[in-house]
1. What residue among Arg161, Arg249, Arg107 shows peak mean-square fluctuation when the chain is described by a Gaussian network model with Cα springs under 10 Å?
2. Across 10 Å bins from 0, what is the distribution of all Cα-Cα pair distances for region 72-160, in whole percents?
3. Could you derive backbone 3J(HN,Hα) for region 118-126 from the dihedral phi with the Karplus parameters 6.51, -1.76 and 1.60 (θ = phi - 60°), listing whole Hz in sequence and x where the residue is Gly or Pro?
4. Along the charge dipole of the chain, pointing to its positive end and built from +1/-1 on Cβ of Lys, Arg, Asp and Glu, which listed residue (Ser39, Gly169, His53) has its Cα farthest out?
5. Under 5 Å between amide hydrogens, which residues at least 5 positions from Arg190 or on another chain qualify, with H placed 1.01 Å from N in the peptide plane?
6. Under 13 Å from a point 7 Å along the Cα-to-Cβ line of Thr26: which residues of region 76-104 have their amide N that close?
7. Just the projected area, averaged over all directions, of the convex hull on the alpha carbon atoms of region 114-156: how many nm²?
8. Near the amide H of Gly152, under 5 Å away, which other amide H atoms are found, from residues 5 or more places off or on another chain, if H is placed in the peptide plane?
Amino acid sequence: MVTVMMPCYQAAATLPTALASLRVQTMRDWRCVCVDDGSTDETWKLLREAAQHDGRFEVHRFPQNRGRGAARQFLLERVETSLLAFLDADDWMFPTRLDQQVRRLTREPELAAIGSPMVIFDEDEKAVGLAPAYAPRPGMSSGTFDVPVPPGLNFPASMIRADLARRVGFDERFLRSQDSDMLLRALLGRRVAVLDAPVYAYRRAAMTLPKTLDGYRFRIRAHAKHLRDYPSAVAPTIAKTLAKMLAYRVAGLVGQQDRLMDRRYGAMTREVEQAYRAAHSIVEAGRETAWTKD
């Protein structure tokens, strides 16, 4: 029914949790394609172990690091299901993530994709914030994505119809932001939706200043592809992105980059924090009993 694609690089420390979050999904009809993008740690060993014990995992390996753009495109070419979900090797999914998103896309065939808010967690696995998701129409759970501004779906927590993703593909030249670039091109002019509650947990350690600046640089290139057709929307977006890059550079010079990056996500409600704890408990239990039932 759905394929989860997961590029991995130097992910041995976090990969067991990501794999466990797949194994405890309430929806069992899934497959996962993974590629080790030239890691030198035990990432490949862990992926092989997963494939040996669970036939739903299909694993591949690059002899050298090629970058996320190439890794994602490689995986996309191996997707045979009608729906496609994403999972980063340093994150994890709530147990009902696939079930909720598949049900919504099945029930509403006019939807091209569905996103979700993401809980941000720190190195101690503690939830520290929430990255919201936005439908194109404020106050509504769905709408038509008709202007090439930054998608509000949170790429890692998204599920998209695989034929759309295959039609546009990932730009292998993009070392970062190849995900938002793909969403821009695939979803423009199509209807998308967001879930009200988070079903994905995103590791805060991934939000470093160099990665953020690189992401903004590639994001400008992604939006520039649409500048000729949508100048009134794209030009302000590029200007805002340049302003953000300047703000981050200044913050880095005065040692305030972490505080500025923390402002990218909002506060959580008690309900969201409780849901995170419950999901984390199930995933951790799945990690502790990995492969023992096979």
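What follows is calculated from the coordinates using simple rules that are stated; it is not laboratory data. Everything numeric here is computed off the predicted structure, so don't read it as measured data. Here Cβ is always computed from backbone atoms with ideal geometry, including for glycine, and neighbour counts include all displayed protein chains.
1. Judging by the Gaussian network model, the answer is Arg107.
2. 14, 45, 33, 8, 0
3. Going residue by residue, I get 10, 7, 8, 10, 9, 5, 9, 6, 8 Hz, with x marking Gly and Pro.
4. Of the listed residues, the answer is Gly169.
5. It is Phe145, by chain and number.
6. Inside the label zone: 94-104.
7. Values: hull surface 14.5 nm².
Averaged projected area of region 114-156's Cα convex hull equals 3.6 nm².
8. Tyr134
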